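The block underneath contains the structure these notes are about, expressed in C-alpha cells.
The values are calculated or read from the model by the stated rules, or taken from the named source; none is laboratory data. Treat the numbers as computed from the prediction; the structure is a model and nothing was measured. Every residue, glycine as well, gets a Cβ built from its backbone with ideal geometry; the counts of neighbours run over all protein chains shown.
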Amino acid sequence: MHASDLITDDIPALKPEDTVSRALDWMEEFKVAHLPVVSDERLVGLVKDSDLVDGNDPKATVGRMMEQVEVPFVRDRQHIYDVMKLFVERALTVVPVLDMNGRYLGLVNEHEALRRLSEVANVREPGSVVVLEMNFNDYSLQEIARIVEGNDAKVLSVYCHSLPDSTRLEVTLKINREDISGILQTFERYEYQVSTTYQGSRFHEDLRGRYDEVMRIIKM
C-alpha cells in the first residue's frame, strides 16, 4: 500500500495568498492542525494552527507564516509505513504527497492513514494473537510460519519489537484461527517462549471495539 493510495480528496491545500482566517477555518472544519501550502502544483510550505493563532492578524497571508525549514512530505510510491513514520516523528496531522517530479498530488490525513494501516495489520479480521519472546539471532519467520501452517492456520501479520537493553526480540503474530491450542503446543515443543496469547472472538470483539473508539475520537 503506497502513499498515493491514501490521499484524501476532501481536504484542500492552501495558497500563499490565502488568509490566516481561511486557514484556521479550514483546519477547524476538517479537524486537522496542519495544512500544506501549494503554488503552481508545488509544495511551498506547511502551516500549523498554533503558529497562526499566536498574535497574528487574521487578514495576513499564510505565505508569511509558512515554516522556513524543510517541509515534510512523502513521495507517491512510498509505503504506508513511511507515511506513519513521518506522522509520528514530526507530530503531524496531515502529510503532503508529491510525485517523483515534485508535483503536489494531495495529502494523507491521520485518520485515513490509521484506518488503512489497520487493514495492513488485519486488525479487523477474526483470529488470535500470539506473542513470542526470543533471542534476536533465533528469529526465523520461515520456521514460525511453518509451525503455524503445519496446524492448518495462516499468519495474517507479524510485528517485531526489540526489547530495550537486551538482545531479546518480541514477535507478535496475528493468526486466522480462534482455537490455537495446537499451535501453542507446537511452539512449546520447539522451545519457543510464548509470553502472551489473546484467543478467539472475545479478543476480536475487544480489539474491534478499541479500534472503533479510536476512530470515533479522531473524528471529533
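From the residues in region 119-128 that are surrounded by fewer than 17 Cβ atoms within 10 Å (Cβ to Cβ) and of a type outside the set (A, V, I, L, M), which one is modelled with the highest pLDDT?
Among residues in region 119-128 that are surrounded by fewer than 17 Cβ atoms within 10 Å (Cβ to Cβ) and of a type outside the set (A, V, I, L, M), the one modelled with the highest pLDDT is Pro126.
Can you tell me which residues in region 9-27 are closer than 16 Å to Gly106 by Cα and crowded, with 18+ Cβ neighbours inside 10 Å?
Passing the criteria: Ile11, Ala13, Leu14, Met27.
How many residues does region 43-76 contain that are surrounded by 13 or more Cβ atoms within 10 Å (Cβ to Cβ) and assigned to a loop (DSSP other than H, G, I, E, B)?
10
So, of the residues in region 139-184 that are among the acidic types (Asp, Glu) and in a loop (DSSP other than H, G, I, E, B), which turns out to be modelled with the highest pLDDT? Full working, then the answer.
First, the residues of region 139-184 that are among the acidic types (Asp, Glu): 143, 149, 152, 165, 170, 178-179.
Filter once more, keeping what is in a loop (DSSP other than H, G, I, E, B): 152, 165, 178-179.
Working: Asp152: 94, Asp165: 87, Glu178: 88, Asp179: 89.
Here the answer is Asp152.
Go through region 185-220 and give me each residue that's part of a helix (DSSP H, G or I), of a type in the set (A, V, I, L, M, F, W, C) and at pLDDT 55 or above.
Phe187
Would you pick out the residues in region 126-158 that are acidic (Asp, Glu) and in contact with a Gly (Cβ under 9 Å, 6 or more places away or on another chain)?
Within region 126-158, just Asp152 meets the criteria.
Where residues in region 77-107 are part of a helix (DSSP H, G or I) and touching a residue at least 24 places away in the same chain (Cβ under 8 Å), which of them is surrounded by the fewest Cβ atoms within 10 Å (Cβ to Cβ)?
Ranking the candidates gives Asp82 first.
Counting only residues that are in a strand (DSSP E or B) and polar (S, T, N, Q), which one in region 108-138 is nearest to Ile7 (Cα to Cα)?
Once the filter is applied, the top-ranked residue is Asn109.
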